[in-house]
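The values are calculated or read from the model by the stated rules, or taken from the named source; none is laboratory data. Model, not experiment: these values are computed from the prediction. We place every Cβ from the backbone using ideal geometry, glycine too, and count neighbours over all the protein chains shown. With ligands, DNA and RNA removed, areas are computed over all heavy atoms of the protein, side chains included. Shrake-Rupley method; radii C 1.70, N 1.55, O 1.52, S 1.80 Å.
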Amino acid sequence: MRTTPDPHHDTKHPAPDVGRLIPEVPAHIVAALGALDDAYNAAAALPHRSNVEHAERALCLARVCARRAAWWRVLARFTYRAGLHPLHGKAVVISAGTERDRARFWRDSAADWRARADRVLTSDTAGALSNWHELGVTA
């Protein structure tokens, strides 16, 4: 049986070994981010039927997001020090910022749910969570 040579296979100039060009991300960073994905899923699955449960769940989510942000910053330092393309570093920095913003959102949500549980005014930025109408307060 005759075989036709693959026109895309260049035997004179083989593809570079990408593993040698791109340094491997340290295992502890990969493991930490993976564990935090599991922690986020576990926190998201917490019961949230009452205001107190909503507050506790939101606080757990905030903590996980804050830890994620920290690990993304660790990865950013690695990315820049390893000499990877700046686009990789920028993507990691954006991920760190996104997680920082998510942590802030969940902290604010926890505070608003706690305020609702304590029957005190929630923040004016709470939007749909605002309990002003429940307490008879007008803007």
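Yes/no matrix, rows are residues, columns are (1) open to solvent by 40 Å² or more (accessible area, probe 1.4 Å); (2) in contact (Cβ under 8 Å) with a residue 12 or more places away in the chain; (3) touching a Ser or Thr at 6+ places or on another chain (Cβ under 6 Å); (4) of a type in the set (Asp, Glu):
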position	(1), (2), (3), (4)
Asn51	yes, yes, no, no
Leu61	no, yes, no, no
Lys90	yes, no, no, no
Ala96	no, yes, no, no
Glu99	no, yes, no, yes
Ser109	no, yes, no, no
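Among the listed residues Arg68, Arg77, identify the single one that is open to solvent by 60 Å² or more (accessible area, probe 1.4 Å) and modelled with pLDDT of 95 or more. Write out each step before concluding.
Values: Arg68 fails: open to solvent by 60 Å² or more (accessible area, probe 1.4 Å).
Sole residue among the options that is open to solvent by 60 Å² or more (accessible area, probe 1.4 Å) and modelled with pLDDT of 95 or more: Arg77.
Based on this model, can you work out whether Leu121 counts as at pLDDT below 90 and touching a Lys or Arg at 6+ places or on another chain (Cβ under 9 Å)? Write out each step before concluding.
Values: at pLDDT below 90: yes; touching a Lys or Arg at 6+ places or on another chain (Cβ under 9 Å): no.
So Leu121 fails the test.
Condition check ((1) within 19 Å of Ser95 (Cα to Cα); (2) touching a Pro at 6+ places or on another chain (Cβ under 9 Å); (3) assigned to a loop (DSSP other than H, G, I, E, B)) across all residues:
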site	(1), (2), (3)
His54	no, no, no
Cys60	no, no, no
Cys65	yes, no, no
Arg68	yes, no, no
Tyr80	yes, yes, no
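Modelled with pLDDT of 95 or more and open to solvent by 30 Å² or more (accessible area, probe 1.4 Å): is that true of Arg116 in this structure?
no
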